[in-house]
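Beneath this line is the structure, given in structure tokens, with notes to follow.
The values are calculated or read from the model by the stated rules, or taken from the named source; none is laboratory data. The model shown is predicted, which means the values in this text are computed figures rather than measured ones. No Cβ is skipped: glycine too gets one built from the backbone with ideal geometry, and neighbour counts run over all protein chains shown. Heavy atoms of the whole protein, side chains included, go into the accessibility calculation; ligands, DNA and RNA do not. Shrake-Rupley method; radii C 1.70, N 1.55, O 1.52, S 1.80 Å.
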Amino acid sequence: MSKDRLDIPDYNTLFSEHRFVEQRLNKQQFEAPCSEQETAEALAYSQSAEYMEKNFNRKAVVINPHKACQPLGSIMAALGFEKTLPFVHGSQGCNSYFRSHLSRHFKEPTPAVSSSMTEDAAVFGGMSNLIDGLENSIALYKPEMVALCTTCMAEVIGDDLSSFIGNARQKGVISEDFPVAFCNTPSFVGSHITGYDSMLKGILSYLYERSGLQAAPGSGEETGEKLNVMLGFEPYTGNFAEIRKILDAFDTKYTLLGDHSGNYDSPATGEYEYYYGGTKLADVPLAANALGTLSLQKYTLKKTQDFISETWKQQVSALSTPLGIAGTDKLLEAISELTGLPIPASLLEERGRVVDALTDSHPYLHGKRVALVGDPDLLIGLIGFCMEVGMEPVHIVCSNGDVDFNEVKFKEEAEALLASSPYGSEATVYVGNDLWHMRSLLLTDPVDLAIGSSHLKFAAKDANVPLIRVGFPIFDRHHMHRYPILGYQGALNLLSQIVNTVLDELDRNNSGFNYDLVR
Amino acid sequence: MDPIRKDEFDSEACGSKAPKSKPCPRPKPGEAAGGCSFDGAQITLLPIMDAAHLVHGPIACAGNSWESRGTLSSGPSLSQYGFATDLNDSDIIFGGEKKLKESIDYIAGRFAPPAIFVYSTCVTALIGEDMDAVCKEAGDRLGIPVIPVNSPGFVGSKNLGNRLAGDALLQYVIGTGEPEPELPPGVNLIGEYNIAGEMWDIEKLMNSAGIAVTSRITGDARYKEITWAHRAKVNMVVCSRALLGLAKEMESRYGIPYFEGSFYGAKETTYSLRQMAYLMNDRDMERRVDRLTEREESRLTQDLRPYRKILKGKRAVLYTGGVKSWSVISALKELGVQVVGVGTNKSTEDDVRRIADRVGDDTEYIPEGGATRILKTVRERKADIMIAGGRNMYVAMKEQIPFIDINQERHKAYAGYEGLLRLAKELTYSLANPIWKLASSPAPWDKEVPYDR
Ligand code: SF4
């Protein structure tokens, strides 16, 4: 297949051809098009402070949202456990969106089913759908556990999962000992991170309670060294490998509670298997006897953290996503404190190498103004990383940032963090806003770089700012999630992603005088 | 709550208005089913590119779906904005109508769209929001059409949603405007959504034969052009059984004859163009169409030659919904590809009949969903390639099966003569890529199977 014998243009080139341009112009007669002047005026207006004020006064409608709903997070949590089938109790549409959404990000299949509620269920309740659904899905997909969550529809009609599952057992549809963990995840409360938390807590508490074991912190292993680690709503499969590497360097034993990296980074062996990896179900009750728990998304994992400290009586060290040098330092300190082990020399050496890389690149990053969009814990990590290398966060939008940890709100923490460095002095943190707000911010007060998910690409394009894709979802770039962003290695990956974008921009916009070979 | 899915629907064949035996298939609990009616309604209406589309409900439906479709626009992009009322728990308790009204007002004030479509979702339908009244009041006050689309997810499948969207067009849009007097009489294209620009390829052909398009329903459409759809001479239902009801209703209301056709494959394309000219009742046009289709077909035969050589005798499993399940078979047959398995999950009885007309006895029908089932067919039938939608793509990759995306996220246009050429090229590339050989070979140190490369 050497040279294309035939050139068949597709929409990337085809529609700039003369005949199509003409056709488009023709079509404008239906559009009552604005004149070029009007268009320019509208654009200017959308960049004005006046419009920004109007835009920020907008209360009712959300334009270009940057959050997904609870059940989506719940599916991710369920896929963190061995042979567990996520089951969404509601009508079929949501589930099909969730599956596409997650699959488009990870480029992997997402096994998840729904009870396909219909109008009858809306009137009479969804019990029979749920029971039939359990029967069918267990027969079809042969899971070892079902992780059941609700959609807003089931919540509104007030379906009671616990009693429905009980009825299914009574009817013999599922055996008495078949595990069905469950949680309530209405879409009109919280966001995908809330749903992740609810399901993780649901699974941990369910498997623990039914095991009949008693929590005895520190007695889990003869050596007493075992640690629990939770990554939370984690869009990077690479982060799992990285955290393992770090824990292994400490030479501590550990259990990852919720590890979906197997499901979302499985090999192409020629046979699709439905379930790959995940935390072993039997390990969950044993986790109650660990030394302590390390949580890497403290805002996301609120309920789970509380459950672990209250019921398992364990020490919980809760951090936000450990990005950058300082973030990773904190991580290592937390592991060291929980396990009593010293920080390994190999990691110190790695730290030194990454610090070296940061010093190499800092001239290109210093003073760069950035806009950030993401989930709360990711943003705390990103703000820290940016300031560490002399970049200045300017606009920070967190749609689902109405959360707190130990009575400190996300916004307060973010602001305190920003206030701790002169590089944070320009920043404003917006909670509950959407990407149309961000667009206003980008247009009225321009920045050099935008960091956020693929959804930000529209606003970034309007404002002509390069977008560095970090977070969830990333639909339009391949394999970003396979590279870790946490830990020292992750800092290096983030750094090269950012600095090389800056360098690409330099080359692309060069004036002819600065097209340098060495940078 | 008034049932949205009226009882009469159930007694009708899916997609048709005539009484028949089988209704739109309902989803089975516990399966990995496809999209909901809300999704279906959006698929149909979102390609009205200059309108605003507002989703009334909690963040679920809009937050997980905005801007994820490959329908292209040649101009306005308002349709790509994700508008949502994002109801929270207190809205659920006290009602979201006020928020809805404010949202409509804001959109009208800021974006000045020619119309606003407002979609109900499961929750807003359940809590009994009077969307029709809010839309009507807002529309009267603002002086633009504000159109309620009552197609909450729980009423049924995607297909039903397509249909309910068609009903909204009939009720609120079609017949409310008049075309410019100089517009020549023409054809409505119904159920063609301009995925990857397919509509433009079709229009190019129609232009060359001098057939005018009256309204696009709805690929790359402008709101205004749909208001005068009732002035068309012919309706062509392109690849969407679910909008057949719209065509039937337009026939009885406005006396517009319709036909069902497809643009997948040269034969179907030629047939469709001929049919248009025939129903337009214009001899000159028929002659022009004949000349055009002859020329295009013979050019295509030339162009396809190298691909046919490679594709001949290759075996494919096709898994896609509705009309594509049979129309793509024709296209594949023209390329020499044999369809050894075909999904009938989302097909109506008519579709299945058409599939049967096109494939031999040797083809396996795959009635229910689920990756396992499709894969089984691929393996048992020794298929070379799988042709399906995006959600099955990653499963195919795990199984090292060459794959082509045929559904809404595809980035290639396969309609018309050039489309068939593109399909041939994609199939060839997908089959010929060296990665399959690498993927299916053991590592060199694995002695058990000889490493032949
Ligand atoms: S099933 Fe209902 S809640 Fe779910 S996406 Fe469809 S309309 Fe929205």
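Structure values in brief
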| item | result |
| --- | --- |
| Proximal charge balance of B:Ala60 [Cβ under 14 Å; K/R count +1, D/E count -1] | -3 |
| Three-way shape label, segment B:404-445, alpha-carbon gyration tensor, a/c 1.5 | prolate |
| Extension gain (nm, one decimal) between A:Glu333 and A:Val21, 0.36 nm per residue minus Cα-Cα | 106.2 nm |
| FRET efficiency for B:Asp284 and B:Tyr365, using Cβ-Cβ distance with R0 set to 60 Å, rounded to 0.05 | 0.85 |
| Rough spin-label spacing in nm, given labels placed 7 Å along Cα→Cβ, for B:Leu183 and A:Ala268 | 4.7 |
| Total formal charge among the other residues, if their Cβ is under 9 angstrom from that of B:Asn150, Lys/Arg +1 and Asp/Glu -1 | -2 |
| Accessible-area order (highest first, 1.4 angstrom probe) of the listed residues B:Lys267, A:Lys457, B:Lys412 | B:Lys267, A:Lys457, B:Lys412 |
| Percent of Cα pairs exceeding the 25 Å cut-off, where the set is segment A:21-150 | 52 |
| Estimated buried accessible area (total), pair B and A, 1.4 Å, Å² to nearest 100 | 7900 |
| Accessible carbon and sulfur surface of the protein assembly as shown relative to its total accessible area, %, 1.4 Å | 50 |
| Average beta carbon contacts from partner chains per residue of A:180-189, 10 Å cutoff | 4 |
| Sites matching chymotrypsin sites (Phe, Trp or Tyr not before Pro) across segment B:226-290 that sit in DSSP coil, with at most 13 neighbouring C-beta atoms within 10 Å | none |
| Loop GluC sites (Glu not before Pro), segment A:122-221 (other Cβ atoms within 10 Å of the site Cβ: 11 or fewer; DSSP) | A:Glu176 |
| Cβ-derived FRET efficiency at R0 25 Å, A:Lys142 paired with A:Arg210, nearest 0.05 | 0.80 |
| Where a label projected 7 Å from the Cα of A:His479 along Cα→Cβ would reach, residues of segment A:491-516 with amide N under 16 Å | A:493-494, A:497 |
| Accessible surface of B:Met280 - all protein chains present, 1.4 Å probe, nearest 10 Å² | 30 |
| Over segment B:216-285, relative contact order from alpha-carbon pairs under 8 Å, at least 6 apart, % | 27 |
| Simple label model, 7 Å out from Cα along Cβ direction - B:Asp105 to B:Ala212, nm | 4.2 |
| Degrees separating the helix A:127-141 axis from the principal Cα axis of chain A, which is the longest one | 90 |
| Estimated translational D of segment B:251-378 in µm²/s (Stokes, Kirkwood radius over Cα pairs; 37 °C; 0.692 mPa s) | 200 |
| Acute angle (nearest 10 degrees) that the helix A:161-170 long axis makes with the longest principal axis of chain A, alpha-carbon atoms | 40 |
| Calculated SAXS-style log₁₀ I(q)/I(0) at q = 0.17, 0.20 Å⁻¹ - segment A:201-319, Debye, Cα scatterers | -0.85, -1.14 |
| Over chain A: helical MRE at 222 nm, DSSP H runs n ≥ 4 each giving -39500 (n - 2.57), nearest 500 | -14000 deg cm²/dmol |
| Residue-level accessible surface for A:Tyr254, protein heavy atoms, 1.4 Å, Å² | 50 |
| Percentage relative contact order, chain B, counting C-alpha pairs under 8 Å, at least six apart | 15 |
| Cβ-derived FRET efficiency at R0 51 Å, A:Leu503 paired with B:Arg299, nearest 0.05 | 0.65 |
| Convex hull volume per residue for the protein assembly as shown, taking Cα atoms only, in Å³ | 187 |
| Chain A: angle of helix A:36-46 to the longest principal axis, Cα-based, in degrees nearest 10 | 50 |
| Segment A:276-318: trypsin sites (Lys or Arg not before Pro) in DSSP loop, at most 15 other beta carbons within 10 Å | A:Lys280, A:Lys313 |
| Accessible area (Å², 1.4 Å probe, nearest 10) - B:Ser440 | 80 |
| Per-selection Rg to Rh, segment B:237-302 - Cα, Kirkwood hydrodynamic radius | 1.06 |
| Extended-chain gain in nm, criterion 0.36 nm per residue less alpha-carbon gap, A:Ser346 and A:Thr359 | 2.7 nm |
| Chain A, Cα convex hull volume normalised per residue, Å³ | 212 |
| Along principal axes, Cα extents of segment A:377-519, largest first, whole Å | 53, 35, 34 |
| Share of Cα-Cα pairs in chain B lying beyond 42 Å, as whole percent | 18 |
| Segment A:298-399, Cα convex hull volume normalised per residue, Å³ | 86 |
| Virtual spin-label span in nm between B:Asn433 and A:Ser420, 7 Å along Cα→Cβ | 4.5 |
| Out-of-range pairs (alpha-carbon distance over 32 Å; input A:Lys107/A:Lys142; A:Lys67/B:Lys437; A:Lys457/B:Lys233; A:Lys59/A:Lys461) | A:Lys67/B:Lys437; A:Lys457/B:Lys233 |
| Of all DSSP beta bridges in the protein assembly as shown, antiparallel share, percent nearest 5 | 10 |
| Solvent exposure ordering (accessible area, 1.4 Å, most first) of B:Ser298, A:Ser74 | B:Ser298, A:Ser74 |
| Ranking by accessible area, most exposed first, for A:Thr269, B:Thr270, A:Thr194 with a 1.4 Å probe | A:Thr269, A:Thr194, B:Thr270 |
